[in-house]
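The values are calculated or read from the model by the stated rules, or taken from the named source; none is laboratory data. None of the values given here were measured: they were computed from a predicted structure. Don't worry about glycine lacking a Cβ; one is built from the backbone with ideal geometry, like all the others, and counts go over all protein chains shown.
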Amino acid sequence: MPRRFTPIMRHVLSATVQNVPGVLSHVSGMLASRGYNIDSLAVGETENPGLSRMTFVLRGDNRVLDQVRRQLEKIVTVVQVNDISSRDYVERDLMLIKVCAPAGAVRSQVKELADIFRGRIVDVSGDSVVVEISGTENKIEGFIDMMRPLGIIELVRTGRIAMVRGDEPGPVSEVNLAPADHAISPEALA
């Protein structure tokens, strides 16, 4: 019997988690211990200070996606997991890239390319510039390809963040958790 080909797809998962110490370590450790590679991971607070959102980019077939979702949903600090790659969504990545750009023609070329890619120069030194650029993965990769011949000194990226399009708020907005126990009270800051 011939083997069926199962396509390897790119999945964007959004996990809403309680904003408590160790949750990132617990989630990433669980994925690593089961052999799942994370292409991209970004974590940050949400509109609710008691919650954070983790955005993962994973590659695999639908079976892998289902396994990852089930495993994530078993973790106590995970409130909700959504596969947003199956919906209409907006995705962005932020990058800072330092390139060789001595004053003159090369620096002008970097500025022109940054403008074309809707980036901006955020730092200038004698022989280099730092460009900030955000956008889709393809846009970021395209800018990197344009900078390679000039000489990339250093590069750092945030990882992808994503949000479902439309007016409807995500189910996470309805979750009402008290701020985490480790939060600092305003009185403690005074």
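For the reader, a short list of remarks on this structure follows.
- Residues in segment 65-94 that are out of contact with any Asp or Glu (no Cβ under 8 Å at 6 or more places or on another chain), crowded, with 16+ Cβ neighbours inside 10 Å and assigned to a helix (DSSP H, G or I): VAL68, GLN71, LEU72, ILE84, SER85.
- If you go through segment 95-112 and pick out every residue that is within 27 Å of the chain's Cα centre (by Cα), buried (at least 18 other Cβ atoms within 10 Å of the Cβ) and not in a strand (DSSP E or B), you end up with 1.
- Matching option when the condition is touching a residue at least 40 places away in the same chain (Cβ under 8 Å), more than 28 Å from ASP167 (Cα to Cα) and out of contact with any Pro (no Cβ under 6 Å at 6 or more places or on another chain), among LEU96, LEU65: LEU96
- Residue match in segment 140-152 (condition: more than 25 Å from ALA15 (Cβ to Cβ), in contact (Cβ under 8 Å) with a residue 24 or more places away in the chain and in a strand (DSSP E or B)): yes
- Subset of segment 113-123 (residues that are within 22 Å of the chain's Cα centre (by Cα) and exposed (fewer than 15 other Cβ atoms within 10 Å of the Cβ)): ARG118, ARG120, VAL122
- Tally, over segment 113-132, of residues that are part of a loop (DSSP other than H, G, I, E, B) and over 26 Å from ARG165 (Cβ atoms): 3
- In summary, THR55 fulfils each of the numbered conditions (1) modelled with pLDDT of 90 or more; (2) surrounded by 13 or more Cβ atoms within 10 Å (Cβ to Cβ); (3) outside any strand (DSSP E or B) with the single exception of condition (3).
- Pairs are defined by a Cβ separation below 7 Å, a sequence spacing of at least 6 or placement on different chains, a first member in segment 121-139 that is touching a residue at least 40 places away in the same chain (Cβ under 8 Å) and on the phi > 0 side of the Ramachandran plot, and a second member that is among the acidic types (Asp, Glu) and surrounded by 16 or more Cβ atoms within 10 Å (Cβ to Cβ); the pairs so defined are GLY135/ASP93.
- Test: residue in segment 1-22 that is in contact with a strand residue (DSSP E or B) (Cβ under 9 Å, 6 or more places away or on another chain), over 20 Å from SER86 (Cβ atoms), at pLDDT below 90 and not in a loop (DSSP other than H, G, I, E, B): no
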